[in-house]
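Only one structure is covered here, and it is reproduced in the block below.
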Amino acid sequence: MRGDVLKNHLELLVLTALKAGPGHGYSIIRAIRDRSDGEFKLLEGSLYPALHRLERDSLVTSSWSNVAGRKRRVYELSGKGRAALEQRERAWRRFEHAMNLVLAGQ
Amino acid sequence: MTIDDYMAELERELRRRRAPRVRLLRETEDHLHDLCAELAADGLGPEQAEARAVTQFGAAATVAACFAEATASAAAHRAVTVTAAAFLAYTGVFVAFATAASPLLRDFPQGAASFMALQLAAVALGIALVRSMRWRRAPAAPTTELTAIARALTVAGVVLIGAAVAEIAVAVSRPAGVVAWSDGRLLTLAFAAALAVLLLSAIAAVRAGAHAQAADSLSNRHVHASAAALLVDDVETLLARLPLPQVSRTARGLLAHRWAATIALAAFAFVAVSAAGVVNSGRAGLAGAEALAAVEASLIVLSFVAFGRTLGLRDAV
């Protein structure tokens, strides 16, 4: 899928990937790719500005942790992030429903 | 390209854009090594795996620009919050001065500079707030908007600092013995505290401007609209979220005819200040009130002439 289309939904994708549990940048990218059946191939470098922004907005928290013997920055969904995810998910469902109605009317 | 070459280039690109580097570089390096290991496990040779990994991560200039724009956006939003706090602090001190201070302290010209500066700062801050609110939930605002926000905040900060300095100058130039230090001690300290907050807000505005400029000069998203055109778009976008079509139409009309709107505002201010003077002092005070009203109306027009472009209210000719 085109990168500029995905870019507008990157935060929703990241928050959704973190819903399952904490993860570092690389594992988040993998989770998005795997859950989309390989369809969503992000420009991987665009993930970190998004993660840092989500952290500034207190939607995720992060800390250095040892993962498989290596020190990694691990991100976790905050309470505020969980609420934001639910709200953005609902907005997306409404959009998807409306879009389907329009496309079905062609 | 090897991972080491890529890291060196990314560091250079981030440095050119004044973006924070340490954490992003560390995370990028980890990411690239993970990706490289995965690609090698899929059968690629070491050199091919490194080359593919850096390609998949994205061009260093693009990643750095994306990060710098997000950083510049955050700096601008933070500066708006700090300046709004400084504005409220100064307004609080001014209101305390105007209502509770000894009449000896309130003699003209004490307070006049603050009164004028607060009005101009309110307009500048309002413009910055509108621009900031429009983009607060976006990953990054266009750099033209960020530059306009920083300029508006700088205008607000500079006029308020100028007013605070003028108040202090007037206070200390009073003949000794007219007003006892103890009469104005709390108020003077409050003005000094407000001045300290204003200096902090000015630093935040300057930092936001520097980030915006660094991101703008090497932006990966060029916005060709002017700051004035973007302001119209911001106002319309924000008003579209409210169920107030009449307000939307009025705001659009005012922004489409900025000179006429400024003259109308000046005329309204003239009538309002004159009326307030007559209400307070009766018909005997009309001449003084009209002089004050003329100053107020002139300053509105002059401010539009002097600061209209800096604030992004009108385009450069």
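The values are calculated or read from the model by the stated rules, or taken from the named source; none is laboratory data. A quick note: this is a predicted structure, and the numbers were derived from the prediction, not measured. We place every Cβ from the backbone using ideal geometry, glycine too, and count neighbours over all the protein chains shown. These accessible areas exclude ligands, DNA and RNA; they are computed on the full protein's heavy atoms, side chains included. Shrake-Rupley method; radii C 1.70, N 1.55, O 1.52, S 1.80 Å.
With at pLDDT 90 or above and open to solvent by less than 40 Å² (accessible area, probe 1.4 Å) as the only criterion, which of B:Leu88, B:Leu39, B:Leu105 stands out?
None of the other options fit; the residue is B:Leu39.
Does B:Val95 qualify as being at pLDDT 90 or above, open to solvent by 20 Å² or more (accessible area, probe 1.4 Å) and away from chain A (no Cβ under 14 Å)?
In short, no.
Only one residue in B:Arg258, B:Arg249 is out of contact with any strand residue (DSSP E or B) (no Cβ under 9 Å at 6 or more places or on another chain), at pLDDT below 80 and open to solvent by 50 Å² or more (accessible area, probe 1.4 Å), so which one is that?
Step by step, each of B:Arg258, B:Arg249 is checked, and only B:Arg249 is out of contact with any strand residue (DSSP E or B) (no Cβ under 9 Å at 6 or more places or on another chain), at pLDDT below 80 and open to solvent by 50 Å² or more (accessible area, probe 1.4 Å).
It is to be established whether one or more residues within segment A:92-100 are under 26 Å from B:Arg23 (Cβ atoms) and either free of Cβ contacts under 8 Å to residues at least 24 places away in the same chain or in a helix (DSSP H, G or I) (or both).
Scanning segment A:92-100, I find no residue that is under 26 Å from B:Arg23 (Cβ atoms) and either free of Cβ contacts under 8 Å to residues at least 24 places away in the same chain or in a helix (DSSP H, G or I) (or both), so the answer is no.
Could you check segment B:209-229 and list, in sequence order, the residues that are at pLDDT 70 or above and open to solvent by 60 Å² or more (accessible area, probe 1.4 Å)?
If the condition is that a residue be at pLDDT 70 or above and open to solvent by 60 Å² or more (accessible area, probe 1.4 Å), then B:Gln213, B:Asp216 are the ones that fit.
Is one or more of the residues making up segment A:73-81 in contact with a Gly (Cβ under 9 Å, 6 or more places away or on another chain), open to solvent by 80 Å² or more (accessible area, probe 1.4 Å) and in a strand (DSSP E or B)?
yes
Could you say whether any residue in segment A:82-103 is more than 13 Å from chain B (Cβ to nearest Cβ), under 24 Å from B:Trp135 (Cβ atoms), buried (at least 16 other Cβ atoms within 10 Å of the Cβ) and under 11 Å from the mean Cα position of the chain (by Cα)?
Yes.
From the list A:Leu85, A:Leu54, pick out the single residue that is closer than 26 Å to B:Ala60 by Cβ, modelled with pLDDT of 90 or more, part of a helix (DSSP H, G or I) and among the hydrophobic types (A, V, I, L, M, F, W, C).
The unique qualifying residue is A:Leu54.
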